[in-house]
Amino acid sequence: MARDVALLALLSAACERAPHAWLVVVLGGEAPWTVDGTPLVVHGALEGSEPVEIDPAVVAIPVEAERALRVEHPERCTEHVEALQPGRWHRVRLRDRVRLVRELPAVGFDAPFEIRIEKGCDDDPAPRASWEPIGPAPADWRVEDEGRTVRGRTPPPPAVSDRHGLLAFSPRTRGTVALRAHIEVGSSRFERIVRVHAAARATGLPSVPLNVPVLLAGSWQVRDAPPAPSHAPSLEAARLAPAPGAMTSATFHVAGRYTLADPAGRTLTVAANLHGGTPLDCGRSECHAAEAQAALRSPMHDAWARLLEDPLAPRRPDCALGCHATGEPGAPDGGFAHLAAQWNWHVPAGSEPGASVRMPRELRRLSGVGCTACHGPGAIPEPDAAWAIHRAEVCAVCHDAPPRYGHFVAWQSNRMARADAHPEARRNLRCARCHTTAGWLASLANRPIQPQRLPPESTPPVGVACVACHAPHAERTHGPLLRRPSVPLVLASASAADALRDGPAGVCLSCHAPSAGDGGPSSSAAALLLGRGGWRADGAPLHASAPHAFAPRGCLVCHDGGPDGLQRGASHGWRATPAVCSRCHDPSRTAAREELLARTLALASRLGLDANAPHVPMPVDAGTPIDRARWNVALVLEDRAAWAHGPGYARALLEEAERALTDAGVPRASATTRRR
């Protein structure tokens with residue numbers, strides 16, 4: 001292994017000057033060299049000497065030269081080492097005292113599973129174990145043969161009646177059963193955790209890894225498949241079989257494009273390949289040069305390298321393989337873990353400077369969250385499937401593992417997840433600009449919205465997903481990959497807008513501000529917050545102070561609430577937290593809110609505005625005072641939280657509207673209009 005080469009060189013130099021030898025013991029896995037106070041014991045170690053800890057699972061111990069050695073550890077097999085010559089060193093890897101498969105991937109939903117514990121050391125007695133579920137207990141589970149065998153069933157399949165084609169699965173939805181084993185081998189006692197997964201994690205994109213089962217909603221058959229390779233002419237290209245819950249399980253074994261068909265004659269094109277078999281240097285041919293260069297600056301690119309070398313990182317960085325490197329651990333998909341196992345390259349048990357550089361080149365290109373981790377290892381999808389890369393389910397593969405990673409769950413609790421639920425949000429390109437991820441990204445790039453990038457109307461809501469706010473390729477970002485869009489024109493004169501743009505709330509401004517192309521102020525929260533966007537009765541812009549705009553986190557000062565019990569990501573629920581207001585305001589003063597609403601509705605009635613859809617053209621200097629009054633009142637109507645975002649500015653807008661109506665001689669009317 002390359003991880004301890006430098007230290008072993010130092011040990012070798014020390015041995016040449018000393019009358020003893022060095023024994024380097026590699027425990028492997030998660031076993032530290034001291035377990036519950038019981039240390040690694042080397043019979044033959046120099047009396048009074050201290051082990052040199054290379055990392056939590058590798059130690060170097062000075063031993064007496066020319067003496068046979070015996071190495072003992074509570075969780076590992078006893079090893080005998082022949083006598084070493086003075087000035088020499090020898091490495092021994094200790095075997096686990098039990099043989100136990102720790103991960104069972106893609107067993108299937110509502111499927112039986114079996115876990116077996118066998119002894120790993122010839123001289124040991126048979127192990128015994130007691131088991132307990134971590135979380136919900138599996139169905140029909142039973143423990144047999146003194147705990148050496150456990151049987152049960154995976155969870156039932158999810159409902160997929162509203163889905164079509166490839167399904168996405170995250171750590172939360174993949175149907176995982178976790179069991180903890182308390183194992184006894186002789187006088188030694190230790191624990192192991194086993195996880196059984198019904199499905200492999202999947203993005204739902206039609207670009208899938210080879211040799212890993214994926215699930216599709218409905219019944220499907222292969223209509224067209226690539227030919228078998230010349231070196232394996234009898235290899236079955238793909239295997240499809242019915243799965244519980246009206247699903248089809250598909251495993252692809254030959255790289256290439258497949259055409260699948262369902263009983264209704266609908267087709268689906270799927271591309272399959274190994275992660276390591278897909279070229280990752282497309283930028284050299286200028287195909288994706290900008291994205292490739294930007295990705296190199298993204299923290300996702302070197303996530304695995306930083307984990308290996310960070311002294312504050314977990315003692316077992318291999319526990320993060322699934323999300324900090326490319327590929328699915330335990331699956332023969334050509335990903336990082338697969339190649340590392342084939343080459344017998346072991347993940348360092350602890351931080352080590354330079355560990356990532358010393359990795360083989362093929363492993364380095366798969367370390368970190370590379371292109372195929374999100375886009376899939378197969379190929380770029382067909383144009384009619386390009387919309388799927390924008391779905392939050394792509395990010396959920398890693399960011400949907402509550403309680404530690406609750407970003408996806410929190411996002412689902414917010415209306416942003418259902419922003420395109422109304423058909424008009426996808427059909428009407430004016431609405432799609434803010435109600436769909438593709439529309440927002442197109443407006444951000446100042447280009448027309450491509451209809452094929454919008455979700456088909458037949459699909460469930462996709463919403464405004466992660467990549468609308470976060471730029472995975474890292475161009476023009478702030479903080480945690482947050483995009484930095486330009487300030488909307490209507491807010492451009494506000495210095496507070498620049499302050500917001502440079503903070504975490506800058507990405508909120510564009511969609512929550514009125515624009516001339518909206519046909520009305522379809523969203524006005526940013527205008528109320530910043531005191532911009534309205535008009536005086538004489539045609540001059542109406543500006544006001546913005547006391548809330550200079551808060552350190554902008555909108556997120558109040559909009560940071562989400563589901564309970566999440567360690568990270570709860571703020572992605574963007575739920576307003578009224579308790580925050582009580583820091584500066586009297587929470588019992590609700591009369592001002594009701595008065596503002598009644599005043600707004602009364603003015604809407606006098607101006608003939610629909611309180612539920614106050615779409616009016618944005619006035620210009622040539623507009624009439626009544627045009628400007630209608631716009632001002634519409635700004636307040638559109639922001640249901642105007643009383644909180646900018647009550648002073650809301651009152652100023654209404655006062656200017658009342659002045660215009662008075663000057664025009666429009667009679668007062670009672671507030672008979674009601675909001676839904």
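The numbers here are math on the coordinates, done by the rules we state, and not lab data. Keep in mind that this is a model prediction, so the values were computed, not measured. Every residue, glycine among them, receives a Cβ derived from its backbone with ideal geometry; neighbour counts consider all protein chains shown.
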Distance (nanometres) between label positions extended 7 Å along Cα→Cβ at residue 50 and residue 492: 6.6 nm
For the chain: relative contact order, % (alpha-carbon pairs under 8 angstrom, 6 or more apart): 8 percent
Cα-centre dipole for the chain with unit charges at Cβ (Lys and Arg positive, Asp and Glu negative), debye to 20: 1780 debye
Listed residues 24, 529, 563: farthest to the positive end of the dipole of the chain (Cβ charges): 529
Net length gained if the chain between residue 380 and residue 187 were fully extended (0.36 nm per residue, minus Cα distance): 63.9 nm
Cα-based radius of gyration of the chain once divided by 2.2 N^0.38 Å, which approximates compact folds: 1.20
Sites residue 591 and residue 564 - FRET efficiency at Förster radius 35 Å, r taken between beta-carbons, to 0.05: 0.65
Built amide H within the under 5 Å cut-off of residue 224, gap 5+: 259
Pair-distance profile P(r), taking every C-alpha pair of the range 400-555, with 10 angstrom steps and integer %: 11, 35, 36, 15, 2, 0
The range 158-207 versus the range 95-112: alpha-carbon centroid distance in Å: 10 Å
The range 207-274 - Rg over Rh from alpha carbon coordinates, Kirkwood radius: 0.96
Theoretical ellipticity at 222 nm over the chain - DSSP helices of four or more residues, -39500 (n - 2.57) apiece, nearest 500: -6000 deg cm²/dmol
The range 419-467: radius of gyration over Cα atoms, expressed as a fraction of 2.2 N^0.38 Å: 0.98
Karplus-derived HN-Hα couplings along the range 645-654 (A = 6.51, B = -1.76, C = 1.60, θ = phi - 60°), whole Hz, x at Gly and Pro: 5, x, x, x, 5, 4, 5, 5, 4, 5
Estimated distance in nm for a label pair at residue 289 and residue 160, the labels positioned 7 Å out from Cα along Cα-to-Cβ: 4.2 nm
Computed over the range 98-197, Cα set: Rg, Dmax in Å: 15.7, 56
Amide proton proximity set for residue 24, modelled H, under 5 Å, gap of 5+: 61, 90, 91, 92
Length added when fully stretched, residue 180-residue 641, from 0.36 nm per residue minus Cα-Cα: 161.1 nm
Cut-off under 5 Å, modelled amide H: who pairs with residue 534 long-range: 542
Protection proxy ranking of 134-142, 640-648, 507-515 - average other beta-carbon atoms within 10 Å, highest first: 507-515, 640-648, 134-142
C-alpha center-to-center spacing [the range 637-661, the range 125-142] in angstrom: 63 Å
Shape category assigned to the range 375-483 from the gyration tensor of Cα positions, a/c cut at 1.5: rounded
Prolate/oblate/rounded label for the range 322-431 (Cα gyration tensor, a/c 1.5): prolate
Pairs of Cα atoms farther than 16 Å apart, the range 44-132, %: 67 percent
Listed residues 278, 58, 635: farthest to the positive end of the dipole of the chain (Cβ charges): 635
